[in-house]
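Since the structure comes first, as structure tokens, the remarks are kept for the end.
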Amino acid sequence: MQRLAIPLALCVLCAGCGGSDAPKAKTKTLLIAVNAPFSRTPYLGQTIANGAELAATAITTKDGEYRLRFKRYDTGLSAGEAVANVRRAVADGAVAIIDEGTGLNASWRIAADADVPICVTYQGGEGLVDPTKRPNVFRIAPTDHGTAFRLAEYLVPKKLKIALVIDDSTYGQEGLKSLRRSFAENPEAVAMRLSVPAGAANLAPEVLRARRSHATALLVWGEPGTIAGVVSAARASGWKVPVYTPATGGDPLVRQQLANHPDWVDGLTFATGRPTAEVGPGPFLSFQRLYEERFGVYLVGVKTPDGADVVQPPDLAMYSYDFVNVLSAAIQRAGGVKDGKKVIAALNQVSVPGANGDHRGFNERNHEGVVDDDVYFARFEGMTYQPVKDDPLSRNLTALDQTR
Amino acid sequence: MSVAMRQTVSALALGGRELRGAWSRRATLATIIVGAALVAPAVLPLSGRMPDLAGFVYLAVAAVGLAYAVGLAGIPSLGQGAFLGIGAFAEAIARAKGGWPLLPSLACAVLVTAAAGTLAGLATGRLRGAFVAVSTWILSWIVVLTLTSFPGISGGAQGLVLPQSRLTPTAHYELGIVLLVLAVLAYLVLAPRAPGLALAAARERPQAAVGLGVPVARLRLGAFAASAAIAGLAGALSVELAQIADPSTYGPFLSFKLFVAVVLGGARTPLGPIAGLLVISAFSHLAEQIGSLRGLPPGRVEMMLTGYGLLLVLGLGGAGLVPAAWKWWRRVRPSAPAPAARSTALGEPPSAIANREPLVARGLSKRFQSLLALDDLDLELEPGTIHGLIGPNGSGKTTALRLLAGDLAPDSGTVAVGGQSLDAEPQRERALHGVVGTEQTTGIFPELTVLESALVGAGLRRHYGGALRTLLQTPKARAEAAEAERRAIGALEFVGLAENADRPAGELSAHEQRLLMLASALATEPRALLLDEPAAGASPAELEHLADLLADLRTKGLALLVIEHNLRFVRRVADTVTVLAAGRRIASGTLDAVAEDELVRAAYLGRSRI
């Protein structure tokens, strides 16, 4: 009996020491999946993931305190892999998925079955977002529809004969649908339409065909490699045709692939979401500083004619950054993450200041976080780009510093 | 109870008794493993991983399917990924665009892939080795390029989205395990039986196999189409699982990965591809770790590791990991040799088919470009006689034998048995008519056992030995298999090789290998046996033995044509001889009579006597 008494007393002592009147609040971890092509287009994947990781890292709700954890899933730009990743993310217990957009036509259902919201932060394909049919799908990125219409609006008055060069990537094929619609009322502006394989080593034959169609401009909608390939083939053949692209034209890969011929990049014009808003460049510059403090600058690997290193502004990163902040607000509003449906419903009711100073938010009828008109044009000169002066929206935007 | 019912019950009872009799520790272990795999989702926290596991199992089904082509038939196919893709897109199109229900669309996918496999098999059927690999590799490119070039059909880079399926990932996993077990069992049933042995013979020595009446082209085509159909089924089910058919998934790398899995694990065993895929999955995980540590793309590291793994296996002999592990296990834990399962098979001496008619050749001629190899040969092989065909090197003897056996088509002339022309009949049909030739080189199948080699010949007379009946082990197929085994053992006993029945044929001496070749030919129940230099390299004692055997065959009523340089041997066995020189018959009759012929002496320049 004596032998039992000592351990018993020790146990009572320990129990007394460990207890307290109020239970200590435990921080729970929420997983947010980033489903992006990290291996195929590393810049894009990294930028999306970095933007997300830069946003809110902790959320306090009445349900408790949450810390956000981000996990990267590589799609390799394969729709099948992207869908499998969403399945894995759901299995891993992700509360939300930040998605580049590939494979979304199938993956949204898997997330919907688990009441997990998906936010597209890159692809702008029509039909990807539909609040009625796909209530769990949101987007914070310029839509293809908006980009294509802005391009048509910009190019048609110039009386150009445009050769549309589309690659067979998801991005290219989705863009084609929007281009068809945007140029439907001005078919005379289109000299020809060419489909090219994404990642093809030599596009000289296709560019030659475009030249023979008497095109006076090229509109290339595809992956950065395709754009670099088309520019390279055109310039190598001595064809000084103006080249227009969607946002992929601003990808560092284009300049990296054309680094040996900086003059070939000059004049390349791309349409993309504007990084600054009516309030001026202040919010974006703050975001950029924050981003660069955390992740450093992204050196493109090319120099300006003056010999300065060219850096890439983190404009793409602001979309994933904005979504995480919107999500945090929605989780707070929903009072936690126990019920995914409540979080999705709350996403329709909150808005937050975005990285560029605009307000980001959704509602029951509109899951697009970037309005179609928020697309501006930038033109390369000396390996950096500036807003064009011949477009009313672009003309008033401040040029971002891109050198170090 | 009806007669059919009674027969079924009795067959099932017999099957049960045989199963109990043949049950082994390995069977118990396999049952436990399969049972554990089936109940794993219910007892382990795997729900989140079920889609990946089910996807792996479907890939394993396709890999085992590929082993049918690579391992059983020896076709180095690098196009299995293409067949997976064809099955996947046939399923996706039927479901997403046609609105078909699950089962009809699966059946459609399997049929479409089998048809594609048949077409590809026909196109590559005449090719060998590296050329087959290259053409199937091109096929895998063609399929993915076709799919990406027609986005309206394939959904392009976004893929085709399938309607939601009622099958959960766990149901897919269980279904995949069942299919995998069936694919493995089918391989295990087929490989040691008639279709598998015929394919093995065709794989090792196609010419010798054709000589024994094996329908090499048909069997290889069947194996290739079956392999494709299995891949098609796996592809169709895997898109049902993924809910999306994405053209980029079925690129040439998938074909490469499946081929590597088969070679890495071992193509001659159905467990090899599964082991190979497990190793590649381990490479994939390792690549992710290395990639994240070193900042490298995981895909590139995975390909690199897979390539090193393949090189290692090839460097170690190419048999694969499972056979190597088995060999090591047998060395560490040697077991007593299992008694041969032939208790009911009593050998019967070979008997010629009803044989009263001679094999007659008239005016046979053959020219190879400018060389007239055989010119207007007349020959008559009477039942119960041995005819020697002699002549100097290059005189046309082997050409004559090949023309008689149907291995070569004559430029002119006819071959007939009992008045029935064999001119239009290929080698297998002539073998069915009882005209069988052996090769000049030792045409044995080194990786088959002695008994299996003889069974290849005995398979010629089987009517119920096809793959389906063999798989189902129908009573007729079983009865016929037992009969074929009796015939094969009888042939081996006749030549004196029954004691070596379980030895690999490659381990026999040169003379024994020639005897085995003779036994395999005898197992086909020939009426006319055409032997090309059966005594080459034999010792005097072996020559005596061979001469006695031929004499025995003569008394059984066989017609024998013996091509031989050893004239002592010819004198010992032949009743009549034909002498050829420069493609022409220069003499015919008894050896003593032709030996006196001046032309014959001149042909055998330097010999005063022949």
Quote the relative contact order of chain B in percent (integer), defining contacts as alpha-carbon pairs under 8 Å separated by 6+ residues.
-> 16 percent
Alpha carbon centroid spacing (whole Å) that separates the stretch B:168-187 from the stretch B:531-597 | 58 Å
Report, in whole Å, the centroid distance computed from the Cα atoms of the stretch B:23-73 and the stretch A:182-256.
-> 49 Å
When the Kirkwood radius is taken over all Cα pairs of the stretch A:144-245, what Stokes-Einstein diffusion coefficient follows at 20 °C and 1.002 mPa s, in µm²/s?
-> 162 µm²/s
At what distance in nm do the modelled label points of B:Ser370 and B:Asp552 sit from each other, each positioned 7 Å from its Cα along Cα→Cβ?
-> 5.0 nm
Enumerate the residues in the stretch B:451-477 having an amide nitrogen under 11 Å from the point lying 7 Å beyond the Cα of B:Gln7 toward its Cβ.
-> B:475-476
Would you order A:Tyr154, B:Tyr308 from fewest to most other beta-carbon atoms within 10 Å of each residue's own beta-carbon?
-> B:Tyr308, A:Tyr154
Could you tell me how many degrees, from 0 to 90 and to the nearest 10, lie between the Cα long axis of helix B:50-67 and the main elongation axis, the longest principal axis, of the Cα atoms of chain B?
-> 10 degrees
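Note the full-extension length gain between A:Ala184 and A:Val279 as 0.36 nm times their separation in residues minus their Cα-Cα distance, in nm to one decimal. Could the numbers behind the result be given before it?
Working: separation 95, 0.36 × 95 = 34.20 nm, distance 3.52 nm.
Here the segment from A:Ala184 to A:Val279 would lengthen by 30.7 nm.
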Calculated Rg and Dmax of the stretch B:421-482 using C-alpha coordinates, Å = 14.1, 39
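Assuming a viscosity of 0.692 mPa s and a temperature of 37 °C, what translational diffusion coefficient in µm² per second does Stokes-Einstein assign to the stretch B:146-288, Rh being the Kirkwood radius over Cα pairs? If you can, show how the numbers build up before the last one.
Values: Rh = 17.6 Å.
Diffusion coefficient, whole number: 186 µm²/s.
Between B:Leu182 and B:Ser412, what length comes free when the chain is fully extended (0.36 nm per residue of separation minus the Cα-Cα distance, one decimal in nm)? Write out the running numbers ahead of the final one.
On the way: separation 230, 0.36 × 230 = 82.80 nm, distance 5.11 nm.
Taking 0.36 nm per residue and subtracting the Cα distance, the gain is 77.7 nm.
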Candidate lysines for bridging to A:Lys62, where Cα separation is under 19 Å - those fewer than 8 sequence places away on the same chain excluded = A:Lys24, A:Lys26, A:Lys28, A:Lys338, A:Lys341, A:Lys342
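Run through the DSSP bridge list for chain A and note the antiparallel percent, rounded to the nearest 5.
Antiparallel bridges: around 35 percent, rounded to the nearest 5.
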From the residues B:Gly152, B:Leu38, B:Leu185, which one has its Cα farthest along the dipole of the stretch B:30-251 in the positive direction, the dipole being from +1 and -1 charges on Cβ of Lys/Arg and Asp/Glu about the Cα centre?
-> B:Leu185
Per-selection metrics, the stretch B:443-525 (Cα): Rg and Dmax in Å | 12.7, 39
How far is it, in nm, from the label point at B:Ala479 to the one at A:Lys159 when both lie 7 Å from their Cα along the line to the Cβ?
-> 9.3 nm
Please report the base-10 log of the normalised intensity I(q)/I(0) for the stretch B:23-71, using a Debye sum with one equal scatterer per alpha carbon and no solvent, at each q in 0.19, 0.32 (1/Å).
-> -0.81, -1.03
Could you run the Karplus curve 6.51 cos²θ - 1.76 cosθ + 1.60 with θ = phi - 60° over the stretch B:529-536 and give me ³J(HN,Hα) per residue in whole Hz, x for Gly and Pro?
-> 10, 10, 10, 9, 6, x, 9, 4
Cα centroid of the stretch B:443-473 to Cα centroid of the stretch A:58-119, whole Å = 55 Å
Taking r as the C-beta separation of A:Asp266 and A:Ala345 and R0 as 56 Å, the FRET efficiency to the nearest 0.05 is 0.70
Principal axis box of chain A, alpha-carbon based, largest edge first, Å = 103, 48, 40
Taking chain A as a Gaussian network, Cα atoms linked when under 10 Å apart, which of A:Thr226, A:Thr121, A:Thr41 shows the biggest mean-square fluctuation?
-> A:Thr41
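Please work out the FRET efficiency for the pair B:Arg503 and B:Ala602, using the Cβ-Cβ distance as r and a Förster radius of 30 Å; give the result to the nearest 0.05. Before the final figure, lay out each step's value.
Working: r = 47 Å, r/R0 = 1.56.
Efficiency for this residue pair is about 0.05.
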Separation in nanometres of the label points that stand 7 Å from Cα toward Cβ, at B:Val332 and B:Thr28 | 2.0 nm
quick shape note, the protein assembly as shown: Cα extents on principal axes in Å, largest first -> 119, 101, 57
When the helices in chain B are scored as -39500 (n - 2.57) per DSSP H run of 4 or longer and the sum is shared across all residues, what 222 nm value do you end up with, to the nearest 500 deg cm²/dmol?
-> -18500 deg cm²/dmol
Find, among the trypsin sites (Lys or Arg not before Pro) in the stretch A:91-191, those assigned to loop by DSSP (not H, G, I, E, B) with at most 16 other beta-carbon atoms within 10 angstrom.
-> A:Lys133, A:Lys159, A:Lys161
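Listing A:Trp221, A:Trp264, A:Trp239, B:Trp23 from the residue with the fewest other Cβ atoms within 10 Å to the one with the most, what is the order?
Numbers: A:Trp221 28, A:Trp264 21, A:Trp239 15, B:Trp23 11.
Fewest to most other Cβ atoms nearby, the residues stand as B:Trp23, A:Trp239, A:Trp264, A:Trp221.
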Under the Karplus curve 6.51 cos²θ - 1.76 cosθ + 1.60, θ = phi - 60°, whole-Hz ³J(HN,Hα) for the stretch A:38-51, x wherever Gly or Pro sits | 5, 8, 7, 10, x, 4, 4, x, 4, 5, 4, 5, 4, x
In Å and whole numbers, how far do the C-alpha atoms of the stretch B:112-165 stretch along each principal axis, longest first?
-> 42, 21, 15
Tell me which residues come under 5 Å, amide H to amide H, from B:Gly557 once H is placed; ignore anything under 5 positions away on its chain.
-> B:Gly384
Calculate how steeply helix B:102-124 sits against the longest principal axis of the alpha-carbon atoms of chain B, using the helix alpha-carbon long axis, and give the answer as 0 to 90 degrees to the nearest 10.
-> 40 degrees
In the Gaussian network model of chain A, springs joining C-alpha atoms below 10 Å, which of A:Asp322, A:Asp390, A:Asp167 carries the largest mean-square fluctuation?
-> A:Asp390
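How crowded by other chains is A:194-203, given as the mean number of beta carbons from other chains within 10 Å of each beta carbon? Could the numbers behind the result be given before it?
Numbers: counts 0, 2, 0, 3, 3, 0, 0, 0, 0, 0.
That average works out to 1.
Can you put A:Ser351, B:Ser370 in order, fewest other beta carbons within 10 Å first?
Working: A:Ser351 15, B:Ser370 5.
With the fewest neighbours first, A:Ser351, B:Ser370 line up as B:Ser370, A:Ser351.
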With point charges of +1 on the Cβ of Lys and Arg and -1 on the Cβ of Asp and Glu, referenced to the Cα centre of the protein assembly as shown, which listed residue (B:Gly48, B:Gly434, B:Thr414) lies farthest in the positive direction of the dipole?
-> B:Gly48
Along chain A, longest interval not containing exposed GluC sites (Glu not before Pro), exposed being DSSP loop plus at most 10 other Cβ atoms within 10 Å | A:1-184
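Once the cut-off is 29 Å, how many percent of the Cα-Cα pairs in the stretch B:30-251 end up in the long-distance tail?
29 percent
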Binned at 20 Å from zero, the C-alpha pair distances of chain B give percents of 18, 44, 29, 9, 0
Residue-ordered couplings for the stretch B:234-247, obtained by feeding phi - 60° into the Karplus form 6.51 cos²θ - 1.76 cosθ + 1.60 and rounding to whole Hz (Gly and Pro as x), are 4, x, 4, 5, 5, 6, 4, 5, 6, 6, 8, 10, 10, x
List, in the order given, every pair from A:Lys71/B:Lys327; A:Lys133/A:Lys159; A:Lys303/B:Lys257; A:Lys177/A:Lys240 whose Cα-Cα distance in the structure shown is over 32 Å.
-> A:Lys71/B:Lys327; A:Lys133/A:Lys159; A:Lys303/B:Lys257
Sorted by chain and number, the residues with a modelled amide H under 5 Å from that of A:Thr61, at a separation of 5 or more or across chains, are A:Tyr66
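Average partner chain C-beta neighbours within 10 Å, per residue of B:241-252?
Details: counts 2, 9, 10, 12, 3, 11, 4, 10, 5, 1, 1, 0.
So the per-residue partner count for this stretch is 6.
Readers should treat all values here as calculations from the given coordinates under stated rules, not as data from a laboratory. Given the structure is predicted, the values throughout are model-derived calculations rather than measurements. Glycine also receives a Cβ, built like all others from the backbone with ideal geometry; neighbour counts cover every protein chain displayed.
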